[in-house]
1. Which value in nm describes the separation of the simple spin-label points at residue 195 and residue 52, placed 7 Å from the Cα toward the beta carbon?
2. Got a sec to turn the phi values of the range 181-198 into Karplus ³J(HN,Hα) couplings, 6.51 cos²θ - 1.76 cosθ + 1.60 with θ = phi - 60°, whole Hz, x for Gly and Pro?
3. May I ask for the angle, rounded to the nearest 10°, between helix 19-33 and the longest principal axis of the chain, with both axes built from Cα atoms and the value confined to 0 to 90°?
4. For the range 108-121, in order, what is each residue's ³J(HN,Hα) by Karplus, 6.51 cos²θ - 1.76 cosθ + 1.60 with θ = phi - 60°, in whole Hz (x at glycine and Pro)?
5. Using alpha carbons only, how many degrees (0 to 90, rounded to 10) separate the axis of helix 135-148 from the longest principal axis of the chain?
6. Hey, can you grab everything whose amide H is under 5 Å from the amide H of residue 40? Only 5+ residues off in sequence or another chain; H modelled, so Pro and N-termini drop out.
7. Mind putting a number on the dipole of the chain about its Cα centre? Charges go on the C-beta only, +1 for Lys and Arg and -1 for Asp and Glu, and I need it in Debye to the nearest 20.
8. Please say if the range 1-160 is rounded, prolate or oblate, where rounded means a/c under 1.5 for a ≥ b ≥ c the square roots of the C-alpha gyration tensor eigenvalues, and otherwise the choice is prolate for a/b larger than b/c and oblate otherwise?
Amino acid sequence: MADRPFILGVSGSPHAQGTVQELLGLVLSGASKAGAETKIVNLYALDIVHEKGFYSEDPQKAIPENMPPDGITALYPEIVRADGIVLATPVYWANMSGIMKDFIDHLTPLENKDFALEGKVAAFIAASKENEGGVEMAAMSMVAALGQMGVLIPPNAILWYPGAWVNAENMVSSWAQIDAPKVGRNMVQLIELLRKHPIFWSS
Ligand SMILES: Cc1cc2nc3c(=O)[nH]c(=O)nc-3n(C[C@H](O)[C@H](O)[C@H](O)COP(=O)(O)O)c2cc1C
(Lines give C-alpha, C1' and ligand atoms only; values in the text may rest on other atoms or scores of the structure.)
Protein backbone atom coordinates (compact mmCIF):
# COMPACT_ATOMS: atom_id res chain seq x y z
CA MET A 1 0.00 0.00 0.00
CA ALA A 2 1.29 3.46 -0.87
CA ASP A 3 2.42 5.80 1.89
CA ARG A 4 -0.11 8.29 3.14
CA PRO A 5 0.13 11.65 1.35
CA PHE A 6 2.57 13.88 3.23
CA ILE A 7 1.72 17.57 3.51
CA LEU A 8 4.25 20.00 4.96
CA GLY A 9 2.97 23.27 6.45
CA VAL A 10 5.46 26.14 6.65
CA SER A 11 4.66 29.06 8.95
CA GLY A 12 6.33 32.43 8.51
CA SER A 13 4.64 33.89 11.60
CA PRO A 14 6.30 34.45 14.97
CA HIS A 15 2.95 33.94 16.76
CA ALA A 16 2.05 30.44 17.90
CA GLN A 17 -1.53 31.56 18.69
CA GLY A 18 -2.03 33.94 15.74
CA THR A 19 -4.33 34.03 12.74
CA VAL A 20 -1.72 32.54 10.42
CA GLN A 21 -1.16 29.56 12.68
CA GLU A 22 -4.93 29.11 13.09
CA LEU A 23 -5.56 28.96 9.34
CA LEU A 24 -2.57 26.71 8.73
CA GLY A 25 -3.84 24.38 11.46
CA LEU A 26 -7.30 24.30 9.83
CA VAL A 27 -5.87 23.39 6.41
CA LEU A 28 -3.72 20.64 7.89
CA SER A 29 -6.53 19.27 10.05
CA GLY A 30 -8.67 18.93 6.90
CA ALA A 31 -5.76 17.12 5.23
CA SER A 32 -5.22 14.90 8.24
CA LYS A 33 -8.93 13.95 8.39
CA ALA A 34 -8.67 13.00 4.72
CA GLY A 35 -5.83 10.60 5.56
CA ALA A 36 -2.65 12.65 5.18
CA GLU A 37 0.45 12.71 7.35
CA THR A 38 1.05 16.37 8.21
CA LYS A 39 3.77 18.44 9.84
CA ILE A 40 4.18 22.14 10.64
CA VAL A 41 7.55 23.86 10.50
CA ASN A 42 7.80 27.24 12.23
CA LEU A 43 10.48 29.20 10.41
CA TYR A 44 11.09 31.46 13.42
CA ALA A 45 12.36 28.39 15.30
CA LEU A 46 15.15 27.84 12.75
CA ASP A 47 18.60 29.36 12.34
CA ILE A 48 18.63 30.72 8.81
CA VAL A 49 21.51 31.93 6.64
CA HIS A 50 20.44 34.34 3.90
CA GLU A 51 20.50 32.98 0.36
CA LYS A 52 23.94 33.75 -1.12
CA GLY A 53 22.89 34.34 -4.73
CA PHE A 54 24.87 31.45 -6.23
CA TYR A 55 22.34 31.16 -9.05
CA SER A 56 23.16 34.70 -10.17
CA GLU A 57 26.88 33.92 -10.27
CA ASP A 58 26.63 30.53 -11.96
CA PRO A 59 23.51 28.33 -12.09
CA GLN A 60 25.80 25.27 -11.85
CA LYS A 61 26.72 26.43 -8.33
CA ALA A 62 23.10 26.70 -7.16
CA ILE A 63 22.68 23.09 -6.04
CA PRO A 64 21.61 21.80 -2.61
CA GLU A 65 25.10 20.46 -1.75
CA ASN A 66 26.62 23.94 -2.11
CA MET A 67 24.20 25.75 0.18
CA PRO A 68 25.60 26.85 3.55
CA PRO A 69 23.93 24.42 5.98
CA ASP A 70 21.15 26.00 8.03
CA GLY A 71 17.69 25.22 9.39
CA ILE A 72 16.11 25.30 5.94
CA THR A 73 18.69 23.19 4.10
CA ALA A 74 18.14 20.64 6.91
CA LEU A 75 14.51 20.50 5.73
CA TYR A 76 15.36 19.72 2.09
CA PRO A 77 14.72 15.95 2.45
CA GLU A 78 11.25 16.61 3.91
CA ILE A 79 10.46 19.22 1.27
CA VAL A 80 11.42 16.75 -1.46
CA ARG A 81 9.43 13.95 0.21
CA ALA A 82 6.32 16.13 0.61
CA ASP A 83 3.45 15.54 -1.81
CA GLY A 84 1.98 18.88 -0.78
CA ILE A 85 3.19 22.10 0.78
CA VAL A 86 1.26 24.90 2.51
CA LEU A 87 2.97 28.28 2.82
CA ALA A 88 1.43 30.53 5.47
CA THR A 89 2.50 34.12 6.12
CA PRO A 90 1.35 37.21 7.98
CA VAL A 91 1.16 40.37 5.84
CA TYR A 92 4.27 42.46 6.48
CA TRP A 93 4.25 45.73 4.54
CA ALA A 94 1.96 44.46 1.81
CA ASN A 95 3.96 41.29 1.28
CA MET A 96 5.02 38.04 2.91
CA SER A 97 7.17 38.13 6.06
CA GLY A 98 10.92 38.35 5.47
CA ILE A 99 11.47 34.90 6.90
CA MET A 100 8.99 33.37 4.42
CA LYS A 101 10.91 35.10 1.62
CA ASP A 102 14.10 33.53 3.00
CA PHE A 103 12.37 30.14 2.84
CA ILE A 104 11.29 30.64 -0.78
CA ASP A 105 14.77 31.84 -1.80
CA HIS A 106 16.18 28.66 -0.25
CA LEU A 107 14.04 26.60 -2.65
CA THR A 108 16.17 27.86 -5.56
CA PRO A 109 18.67 24.96 -5.55
CA LEU A 110 15.87 22.38 -5.34
CA GLU A 111 14.20 23.93 -8.36
CA ASN A 112 17.48 24.54 -10.17
CA LYS A 113 18.91 21.05 -9.78
CA ASP A 114 16.05 18.83 -10.83
CA PHE A 115 12.77 20.78 -10.58
CA ALA A 116 12.06 19.10 -7.24
CA LEU A 117 8.95 21.20 -6.60
CA GLU A 118 7.36 20.45 -9.98
CA GLY A 119 4.02 18.66 -9.70
CA LYS A 120 3.69 19.07 -5.93
CA VAL A 121 0.30 20.28 -4.71
CA ALA A 122 0.41 23.64 -2.94
CA ALA A 123 -1.79 25.98 -0.93
CA PHE A 124 -1.12 29.52 0.26
CA ILE A 125 -2.29 31.51 3.28
CA ALA A 126 -1.77 35.23 3.86
CA ALA A 127 -3.45 36.83 6.87
CA SER A 128 -3.68 40.21 8.55
CA LYS A 129 -5.98 40.70 11.48
CA GLU A 130 -5.73 44.51 11.28
CA ASN A 131 -6.72 44.67 7.60
CA GLU A 132 -4.33 47.50 6.72
CA GLY A 133 -3.89 46.41 3.11
CA GLY A 134 -1.69 44.19 1.01
CA VAL A 135 -3.06 40.76 1.86
CA GLU A 136 -3.61 39.84 -1.81
CA MET A 137 -0.09 40.97 -2.71
CA ALA A 138 1.37 38.86 0.09
CA ALA A 139 -0.52 35.78 -1.14
CA MET A 140 0.18 36.34 -4.82
CA SER A 141 3.91 36.97 -4.28
CA MET A 142 4.17 33.46 -2.86
CA VAL A 143 2.03 32.08 -5.70
CA ALA A 144 4.24 33.78 -8.31
CA ALA A 145 7.40 32.13 -6.97
CA LEU A 146 5.98 28.66 -6.37
CA GLY A 147 4.07 28.80 -9.66
CA GLN A 148 7.40 29.32 -11.44
CA MET A 149 8.69 26.25 -9.63
CA GLY A 150 5.84 24.18 -11.05
CA VAL A 151 3.38 23.53 -8.21
CA LEU A 152 -0.29 22.65 -8.74
CA ILE A 153 -2.93 24.66 -6.87
CA PRO A 154 -6.35 23.09 -6.12
CA PRO A 155 -9.55 25.20 -6.12
CA ASN A 156 -9.76 27.92 -3.45
CA ALA A 157 -6.26 27.14 -2.18
CA ILE A 158 -5.04 30.75 -2.23
CA LEU A 159 -6.44 31.97 1.07
CA TRP A 160 -6.09 35.65 1.85
CA TYR A 161 -7.70 36.70 5.00
CA PRO A 162 -8.05 40.31 6.09
CA GLY A 163 -8.95 39.32 9.64
CA ALA A 164 -12.11 40.90 11.05
CA TRP A 165 -13.40 41.65 7.58
CA VAL A 166 -16.96 42.95 7.19
CA ASN A 167 -18.65 42.36 3.86
CA ALA A 168 -21.05 44.61 1.90
CA GLU A 169 -24.03 43.40 3.97
CA ASN A 170 -22.13 44.37 7.13
CA MET A 171 -21.85 40.72 8.07
CA VAL A 172 -18.62 39.32 9.39
CA SER A 173 -17.31 37.03 6.69
CA SER A 174 -14.96 34.21 7.49
CA TRP A 175 -14.69 32.43 4.18
CA ALA A 176 -11.06 31.62 4.82
CA GLN A 177 -11.92 29.75 8.02
CA ILE A 178 -14.72 27.87 6.25
CA ASP A 179 -12.61 27.06 3.19
CA ALA A 180 -9.40 26.13 5.01
CA PRO A 181 -10.28 22.54 6.04
CA LYS A 182 -11.74 21.89 2.56
CA VAL A 183 -8.48 23.09 1.02
CA GLY A 184 -6.57 20.50 3.05
CA ARG A 185 -9.01 17.78 2.03
CA ASN A 186 -8.83 18.83 -1.63
CA MET A 187 -5.04 18.76 -1.56
CA VAL A 188 -5.22 15.12 -0.44
CA GLN A 189 -7.79 14.29 -3.13
CA LEU A 190 -5.59 15.81 -5.83
CA ILE A 191 -2.46 14.05 -4.54
CA GLU A 192 -4.29 10.70 -4.56
CA LEU A 193 -5.56 11.30 -8.09
CA LEU A 194 -2.04 12.13 -9.29
CA ARG A 195 -0.69 8.97 -7.65
CA LYS A 196 -3.22 6.91 -9.61
CA HIS A 197 -2.56 8.79 -12.84
CA PRO A 198 1.02 10.11 -12.72
CA ILE A 199 1.88 12.92 -15.09
CA PHE A 200 5.49 13.37 -16.20
CA TRP A 201 5.59 17.11 -16.50
CA SER A 202 9.15 17.62 -17.73
CA SER A 203 9.74 14.67 -20.05
C1 LIG B 1 6.40 44.46 10.36
C2 LIG B 1 4.91 44.35 10.20
C3 LIG B 1 4.31 44.84 9.06
C4 LIG B 1 2.93 44.74 8.88
N5 LIG B 1 2.37 45.17 7.71
C6 LIG B 1 1.04 45.02 7.50
C7 LIG B 1 0.46 45.44 6.26
O8 LIG B 1 1.10 45.91 5.34
N9 LIG B 1 -0.88 45.24 6.11
C10 LIG B 1 -1.67 44.70 7.10
O11 LIG B 1 -2.85 44.55 6.90
N12 LIG B 1 -1.13 44.29 8.27
C13 LIG B 1 0.20 44.43 8.49
N14 LIG B 1 0.76 44.00 9.68
C15 LIG B 1 -0.12 43.32 10.67
C16 LIG B 1 -0.01 41.77 10.58
O17 LIG B 1 -0.22 41.31 9.28
C18 LIG B 1 -1.09 41.14 11.44
O19 LIG B 1 -0.93 41.56 12.79
C20 LIG B 1 -1.18 39.65 11.34
O21 LIG B 1 -2.45 39.25 11.77
C22 LIG B 1 -0.19 38.93 12.15
O23 LIG B 1 -0.53 37.55 12.06
P24 LIG B 1 -0.02 36.50 13.13
O25 LIG B 1 -0.35 37.10 14.48
O26 LIG B 1 -0.75 35.25 12.84
O27 LIG B 1 1.46 36.42 12.92
C28 LIG B 1 2.12 44.13 9.89
C29 LIG B 1 2.74 43.66 11.07
C30 LIG B 1 4.11 43.76 11.23
C31 LIG B 1 4.74 43.21 12.49
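The values are calculated or read from the model by the stated rules, or taken from the named source; none is laboratory data. All values reported here derive from a predicted model rather than from experimental measurement. Cβ: placed from backbone, ideal geometry, glycine included. Neighbour counts: every protein chain shown. Keep in mind that these areas ignore ligands, DNA and RNA; they rest on the heavy atoms of the full protein, side chains included. Shrake-Rupley method; radii C 1.70, N 1.55, O 1.52, S 1.80 Å.
1. 3.8 nm
2. Taking θ as phi minus 60°, the curve returns x, 5, 4, x, 4, 5, 4, 4, 4, 5, 4, 5, 4, 5, 5, 6, 10, x Hz for the range 181-198.
3. Helix 19-33 sits at roughly 70 degrees to that axis.
4. Karplus-based 3J(HN,Hα) across the range 108-121 equals 3, x, 5, 6, 5, 6, 8, 6, 5, 8, 4, x, 6, 8 Hz.
5. Helix 135-148 sits at roughly 30 degrees to that axis.
6. Under 5 Å from the amide H of residue 40: 9.
7. 600 debye
8. Cα axes put the range 1-160 in the oblate bin.
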